[in-house]
Amino acid sequence: SQDPGRLAAAWHAAPGEAFDFSEGSDRLEVKAAGGGAREHYFSLVQVHPAHGMRVLVASLLAEALAGGTPVKRLLAELRGRLATRPELALRVERIAAQSLGKSWTPALDESFDWQRAEDSLRFFEAHRIPAVPKELPREVSDVRFRSDLSGCASLGLEEARQRGGLFEAL
């Protein structure tokens with residue numbers, strides 16, 4: 001991020017929220033996939049947001065890699081980038097611990113291929129993601145589905161930033 005403080009402030013307060021980041025009418029959902037397939041799980045609200053809401057999905061390929069970048073190093077880097085905003089650094093630590101759950105201690109030592117993740121980062125407009133129809137029978141709720149984004153038009157980082165608002169901070 002070119003503005004980590006802004007994104008830290010926009011990060012969800014609880015891991016179960018529909019979107020990872022929100023500011024005003026902008027939403028950013030981050031999805032990671034292992035292997036070579038860019039396939040992710042979505043909820044209906046993530047691809048069919050409320051009227052007036054702008055939603056981008058950040059998709060990256062995350063591969064476990066012995067000797068790669070451990071989660072604790074990523075958190076340390078974030079602490080450093082948020083050094084002038086200690087309240088946001090603590091917020092990030094708290095939400096990361098909540099997201100990792102009871103297995104947070106061993107999860108901090110898990111390592112990933114940072115370069116692959118960075119190189120594979122793409123952004124997708126929510127309305128372009130293959131999805132189930134928005135209109136469902138009244139009796140159906142809490143719809144989740146898996147979508148393959150490999151054939152979808154994506155945005156690069158600069159194109160996503162040009163969308164303005166929260167997306168400038170990417």
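The values are calculated or read from the model by the stated rules, or taken from the named source; none is laboratory data. Since this is a predicted model, take the numbers as computed values, not measurements. Ideal geometry is used to build each Cβ from the backbone, glycine not excepted, and the neighbour counts take in all protein chains shown. The protein model used for the area step is the full one, side chains on, heavy atoms only, and it has no ligands, DNA or RNA in it. Shrake-Rupley method; radii C 1.70, N 1.55, O 1.52, S 1.80 Å.
So, with a 1.4 angstrom probe, what is the percent of accessible area on the chain that is carbon and sulfur?
Accessible surface attributable to carbon and sulfur in the chain totals 54 percent.
What's the angle, to the nearest 10 degrees (0 to 90), between helix 71-81's Cα axis and the longest principal axis of the chain?
Value to nearest ten degrees: 80.
Would you mind computing, in nm to one decimal, how far apart the modelled labels at Ser150 and His127 are, each placed 7 Å from Cα along Cα→Cβ?
Each label point is offset 7 Å from its Cα along the Cβ direction, giving 2.8 nm.
Near the amide H of Arg54, under 5 Å away, which other amide H atoms are found, from residues 5 or more places off or on another chain, if H is placed in the peptide plane?
So Arg54 has HN proximity to Asp26, Arg27.
Kindly provide log₁₀ I(q)/I(0) values, in the same order as q = 0.11, 0.25, 0.28 Å⁻¹, from the Debye equation applied to equal alpha-carbon scatterers of the range 1-73.
Result of the Debye calculation: -0.34, -1.25, -1.32.
If I fit a long axis through the Cα atoms of helix 86-100 and take the longest principal axis of the Cα atoms of the chain, what angle between them do I get, 0 to 90°, rounded to 10?
It is inclined by approximately 70 degrees.
Run the paramagnetic zone check for Leu157: 7 angstrom along Cα to Cβ, then residues of the range 90-121 with backbone nitrogen under 14 Å.
114-121
Please calculate how many Å² of accessible area the range 13-170 carries per residue, with a 1.4 Å probe and no DNA, RNA or ligand atoms counted.
Each residue of the range 13-170 exposes 58 Å² on average to a 1.4 Å probe.
Which length gain, in nm to one decimal place, applies between Leu136 and Ser1 when the Cα-Cα distance is subtracted from 0.36 nm times their residue separation?
Between Leu136 and Ser1, full extension yields an extra 44.9 nm.
At 7 Å along Cα-to-Cβ for each site, give me the label-to-label distance between Ala37 and Trp104 in nm.
If labels sit at Ala37 and Trp104, their model points lie 3.3 nm apart.
Mind jotting down the three principal axis lengths of the chain based on Cα atoms? Whole angstrom, largest first.
Largest first, the chain extends 46, 34, 34 Å along its Cα principal axes.
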